[in-house]
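The values are calculated or read from the model by the stated rules, or taken from the named source; none is laboratory data. Not measured: the values here are computed from a predicted model. Cβ sites come from the backbone with ideal geometry, for glycine too, and all protein chains shown count toward neighbours. Heads up: the accessible areas ignore ligands, DNA and RNA and are worked out on the full protein's heavy atoms, side chains in. Shrake-Rupley method; radii C 1.70, N 1.55, O 1.52, S 1.80 Å.
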Amino acid sequence: MNFDDTPQEAEFRSQARAWIAANAPKQYEDELRKSSLGRTQLKNANILEVAKAWQKKKAEAGWACLHWPRDYGGRGSSPIERVIWQQEEGPFGKLSGMFIIGHGMCGPTMMAFAREEHKRNYLPPLASGEKVWCQLFSEPAGGSDVAGLRTRAEKDGDEWVINGQKIWTSGAHYSDYGILLTRTDPNVAKHKGLTMFFLDMKSPGVEVRPIKQANGASDFNEVYFTNVRIPDHQRLGEVNDGWNVSLTTLMNERMSIGAGVSTGFPELFDYCASLMLDDGPAIEDRAVRSKLANWAVKASGLRYTSMRAISALSKGERPGPENSIGKLVAGAMIQDVATYALDLQGAAGVVSGPEDADVAGRFQAMLLRAPGTRVEGGTDEIMRNIIAERVLGLPGDIRVDKDVPFNKIPTKGGN
Amino acid sequence: MNFDFSDDQKQLRDQARKFLTEKCSPKAVRVVLDGKTPYDKELWKGLAEMGFLGVAIPEDFGGAGAGHLELCVIAEEMGRANAPVPFSSTVYLAAEALLIAGRDAQKKKWLPAIASGEAIGTLALFEGKGNPSPKNVKLAAAGGVLNGVKKPVADGAIADFAVVAARTGSVGRDSDISLFLVDLKASGVEVKNLANLDPTRGQAEITFNNCKAEPLGAAGEGWSILTQVLDRAAVLSAFEQVGGADRALEMGRDYALDRIAFGRQIGSFQAVKHMLADMYVSATLARSNSYYGAWALSTNASELPEAAAAARISATQAFQHCAKNNIQVHGGMGFTWEFDCHMYYRRANAMALGLGSLSYWEDQLIDRMRKKNAA
Ligand SMILES: Cc1cc2nc3c(=O)[nH]c(=O)nc-3n(C[C@H](O)[C@H](O)[C@H](O)COP(=O)(O)OP(=O)(O)OC[C@H]3O[C@@H](n4cnc5c(N)ncnc54)[C@H](O)[C@@H]3O)c2cc1C
């Protein structure tokens with residue numbers, strides 16, 4: 001067991017550090033450092049442009065999507081080098097937020113299921129941030145129950161014709177491409193009639209409508225498809241095998257969001273170290289210390305759990321369902337941390353916004369974004385099901401619709 | 001970076017698990033639980049023969065000289081098996097205190113005896129209510145003799161010797177505390193067994209009456225040595241706790257698969273599944289924190305104090321959480337003496353107090369994190 005860099009790792013680290021020092025957009029460092037969950041914004045610049053420029057620079061110098069093969073725009077790095085890079089990139093890593101779905105989920109799915117020629121054409125511009133991708137899975141009728149989706153794909157010659165609606169699609173409003181899960185056979189059980197594609201978001205018939213979220217921001221969208229045509233060679237995997245393809249995406253999703261979700265703990269610790277309560281510094285208060293200690297060990301536990309996962313990956317093991325733990329713990333935690341930070345502010349905690357609220361309103365912003373963290377990428381309940389069923393081997397939930405043809409499944413509850 | 005045990009260490013774990021599965025069945029644990037004997041002497045002998053008691057003791061002092069990572073691996077298995085032997089008091093506390101502060105002659109006298117299973121040792125620190133603090137040490141050392149009462153002392157009734165914290169100054173500052181080695185068979189020692197939450201590991205009250213004692217470490221260094229001993233013991237017992245937590249989770253899972261209610265395995269009810277998933281989560285976080293503690297301990301890294309406190313808190317919570325919910329999953333069966341659930345529940349709650357309670361370690365963790373941030 002050992003935490004020190006090997007000589008190669010140390011060499012990699014010093015190269016990365018030197019390159020970042022010479023190339024990162026330093027002018028935004030402070031703002032990025034202070035931005036919290038759901039609020040990575042730059043005052044005097046368009047964040048999408050800044051993020052794309054940084055990603056492009058990284059790609060040109062061979063620092064983008066480190067673990068991807070070189071042929072697809074990556075560097076062929078080991079999982080540990082990837083961690084070292086993240087450590088060194090620090091707050092600039094927050095700029096990659098808008099690429100996470102493309103890099104973490106769409107890319108790996110393309111790599112596993114697209115034709116070679118498509119991989120070579122589409123992956124490098126995805127790695128370099130030139131093209132942004134989104135994930136079109138969820139629908140009004142199918143969220144947790146992904147396989148309940150109704151968007152239809154019908155074969156017409158060498159093309160498929162898509163009709164239907166997606167919802168909660170993050171980044172669809174600035175995405176160039178998307179991976180799309182559709183229903184190709186409604187006459188068989190729901191998991192058996194799905195097919196996956198990738199498509200150009202600028203195709204005729206695609207309409208994106210931003211949704212205003214509970215926290216006031218608009219990061220996700222409704223996407224409507226009216227007779228959208230996708231060539232058959234953009235199909236990912238076999239016809240009616242889309243469920244298996246989507247499992248690859250979802251597994252990667254848990255790995256990539258699980259490792260990166262913030263817990264809010266470092267922010268809370270700093271805050272308590274400086275905050276004065278009626279009876280003295282917050283951090284000297286017995287009750288505050290107890291809360292902090294409890295969250296501290298959760299945060300460190302998550303950190304070392306992901307280190308263990310990375311050690312396993314570097315030995316050639318595949319990421320497994322145990323990675324569901326990251327988002328499950330961090331999501332609930334950030335919500336509790338934010339609630340507690342506001343409690344410490346007393347009545348003033350109600351005031352939000354970067355100008356008037358304490359520490360630039362970061363905890364208020366966290367509080368308002370946190371419910372989304374517990375839903376996106378699988379709800380807490382779904383994460384617990386995954387752990388219970390796939391890690392602990394408990395029976396699956398009873399699925400009354402499992403063997404029923406999709407078009408015979410009821411669509412509304414009683415009364 | 002490689003954040004995992006080595007293949008050799010994993011092999012050692014398998015070996016220890018196999019040994020304990022054979023020699024330390026729940027039935028064997030119950031012999032001690034039911035008060036028929038104060039500890040499992042056969043098992044203790046066997047552990048010595050396997051080399052497990054001296055795994056981290058240097059070869060020069062009769063041990064295997066393997067190291068602390070190996071000891072962590074064995075500790076986890078001791079926890080899984082709920083072993084009714086004075087392992088933690090002897091190996092984590094007494095032996096580590098000797099390793100840190102003992103003179104050569106003291107090490108030569110006691111360490112080989114520990115490794116061979118001939119001597120049981122313990123740490124006599126507490127004096128009634130309260131957490132580890134120089135202020136709470138009242139027992140006085142003067143002119144080479146000790147006077148005062150320690151309680152509770154883990155495994156005090158079966159121990160051959162104790163490391164005793166005594167006051168050598170008047171105020172109760174760190175520098176007023178010194179450590180002493182006491183042969184508990186000597187005159188001036190009176191031992192009384194105490195009923196306790198976990199009868200598989202005894203607790204005693206020890207009265208020292210003009211009892212002869214030899215210094216362990218320099219005068220006035222006692223508190224700083226103790227802090228190091230407690231930190232090491234915190235990591236090592238965290239592994240026991242993780243082992244216990246894992247076993248409790250496993251028992252709960254197995255029962256959930258076995259028991260039928262309302263025509264279904266109870267493990268198919270989501271409330272039960274989610275309870276077990278949460279047990280898995282806390283056990284996993286504790287394991288990861290403990291691994292970090294193990295790394296810090298084995299390399300004597302400057303991160304050890306913080307890592308030890310984090311491992312301690314996390315593992316204490318996880319074991320308590322898993323042990324209590326294991327009973328819940330078992331329903332009424334879980335509340336019977338006959339089922340093994342309560343043995344883990346007892347052990348979890350006893351271990352939560354043994355090295356100072358959770359609130360003490362919470363304080364330690366925050367102080368240590370502040371110090372690091374200020375540095
Ligand atoms: C910020 C954000 C970004 C998102 N981005 C994307 C994206 O880019 N692309 C995309 O495709 N989707 C995206 N989603 C959608 C997300 O994946 C779904 O919202 C999520 O899977 C839950 O589905 P649902 O909203 O339909 O809720 P439902 O499935 O209707 O769930 C409602 C409640 O029922 C519970 N529930 C449902 N099934 C079960 C069960 N079997 N057992 C126990 N409880 C259950 C849920 O836990 C929840 O509490 C995003 C969501 C959010 C909040």
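List of remarks:
- Cross-link reach list, aspartates and glutamates versus A:K202, counting only Cα pairs under 12 Å and skipping chain neighbours closer than eight places: A:D176
- Charge tally for B:S175 (other residues, Cβ to Cβ under 12 Å; Lys, Arg +1; Asp, Glu -1): -1.
- Accessible area of the protein assembly as shown belonging to carbon and sulfur atoms, whole % at 1.4 Å probe: 50
- Candidate lysines - alpha carbon under 20 Å from A:K43, same-chain residues fewer than 8 apart omitted: A:K26, A:K34, A:K52, A:K94
- Within the same chain, aspartates and glutamates fewer than 8 places from B:K41 are excluded, and of the rest, those with a Cα less than 19 Å from its Cα are B:E22, B:E49, B:E77, B:E118, B:D155, B:D160, B:D198.
- Relative contact order computed over chain A (Cα-Cα under 8 Å; 6+ residues apart), in percent: 14
- Here A:K56 and A:H118 are evaluated by their C-beta separation; at R0 = 22 Å the FRET efficiency comes out at 0.55.
- When the accessible areas of B alone and A alone are added and the area of the pair subtracted, with a 1.4 Å probe, the result is around 4300 Å², both sides summed.
- 1.4 Å probe, heavy atoms, protein only - residues of segment B:1-36 losing at least 50 Å² accessible area vs chain alone: B:M1, B:N2, B:F3
- Accessible area per residue for segment B:1-70, computed on protein heavy atoms with a 1.4 Å probe, is 52 Å².
- Computed about the Cα centre, the dipole magnitude for segment B:267-375 is approximately 120 debye when only Lys and Arg (+1) and Asp and Glu (-1) carry charge, each at its Cβ.
- Per residue accessible area in Å² of chain A, where ligands, DNA and RNA are left out and the probe is 1.4 Å: 45
- Among beta bridges that DSSP assigns inside the protein assembly as shown, antiparallel share in %, nearest 5: 85
- Between segment A:337-381 and segment B:73-139, the alpha-carbon center distance in angstrom: 46
- Checking the Cα-Cα distances for B:K108/B:K192; A:K58/A:K166; A:K412/B:K273; A:K315/B:K23; B:K36/B:K129 against a 31 Å cut-off, the pairs over it are A:K58/A:K166; A:K315/B:K23.
- A:E29 versus B:W337: modelled label distance in nm, points set 7 Å from Cα along the beta carbon direction: 6.8
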